[in-house]
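Below: one structure, written as structure tokens.
Derivation of every value follows stated rules applied to the coordinates shown; laboratory data play no part. On a predicted model such as this, the values are computed, not experimentally measured, just so you know. Cβ atoms come from the backbone with ideal geometry, glycine included; neighbour counts cover every protein chain shown.
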Amino acid sequence: MIIGDPYRFAIWVELIPQWSETHKNGLFYFFVNGNMYPDDIRTSTLSVDFNDVIDEENALISLPCDDDFFNAPSNEAFQTLYKLAYPESTQEDEYPEQVFDFCASPTIIKDSGALFFAVASESAVRIIGGKITTLVDAGDRKIWKDISNPHIESVIIKKKELEEIIDRLKEYMSCIL
């Protein structure tokens, strides 16, 4: 079931019973501006990805407000939010503080090399992200490599619209979990 408008923001959840007898596996995707994340077929353990999204600390639920991030150009906002969540170690600060307040990605999306953040204003939510790493061949194995100029996209939806998507997701998932 696709919940929301895939040409703006939607979540696609589909139970595929043939994929497991012991777990509820299937498809779990975000659509942002008509693009699908992950961008390939991946098996979701639906309870994991669903719980990632409805966790009270997920930015799609907590709706953290920050006008500077909300109004910044997409690439700038993404880079700043990324550096808050995943700061680089330095000689002076080997374990810098991480701020996950704006993180919105479920496990399946993070595991595909994509990341999304959400930041709210008074009445709307801006979802910002894209695929930033990709698997490449490295001889006898594959490794993750940063995409040099990733396509970062952004969509703004009303808070009420996001609440309706989350409520419909919860309702749908209650029937299959």
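The numbered conditions (1) assigned to a helix (DSSP H, G or I); (2) free of Cβ contacts under 8 Å to residues at least 40 places away in the same chain are all true for Glu161 except (2). Scanning for something within 29 Å of Asp68 (Cα to Cα), charged (D, E, K, R), outside any strand (DSSP E or B) and touching a residue at least 40 places away in the same chain (Cβ under 8 Å), does the stretch 135-155 turn up at least one residue? No, because not a single residue in the stretch 135-155 is within 29 Å of Asp68 (Cα to Cα), charged (D, E, K, R), outside any strand (DSSP E or B) and touching a residue at least 40 places away in the same chain (Cβ under 8 Å). The number of residues in the stretch 94-117 being surrounded by fewer than 20 Cβ atoms within 10 Å (Cβ to Cβ), of a type outside the set (A, V, I, L, M, F, W, C) and either touching a Ser or Thr at 6+ places or on another chain (Cβ under 8 Å) or in contact (Cβ under 8 Å) with a residue 12 or more places away in the chain (or both) comes to 7.
Sort out which residues of the stretch 73-128 are basic (Lys, Arg) and touching a Phe, Trp or Tyr at 6+ places or on another chain (Cβ under 8 Å), and write them in order of number. Residue satisfying the conditions is Arg126 alone. Of note, Ser74 does not satisfy the criterion of being surrounded by 14 or more Cβ atoms within 10 Å (Cβ to Cβ), more than 21 Å from Leu162 (Cβ to Cβ) and either in contact (Cβ under 8 Å) with a residue 24 or more places away in the chain or among the charged types (D, E, K, R) (or both).
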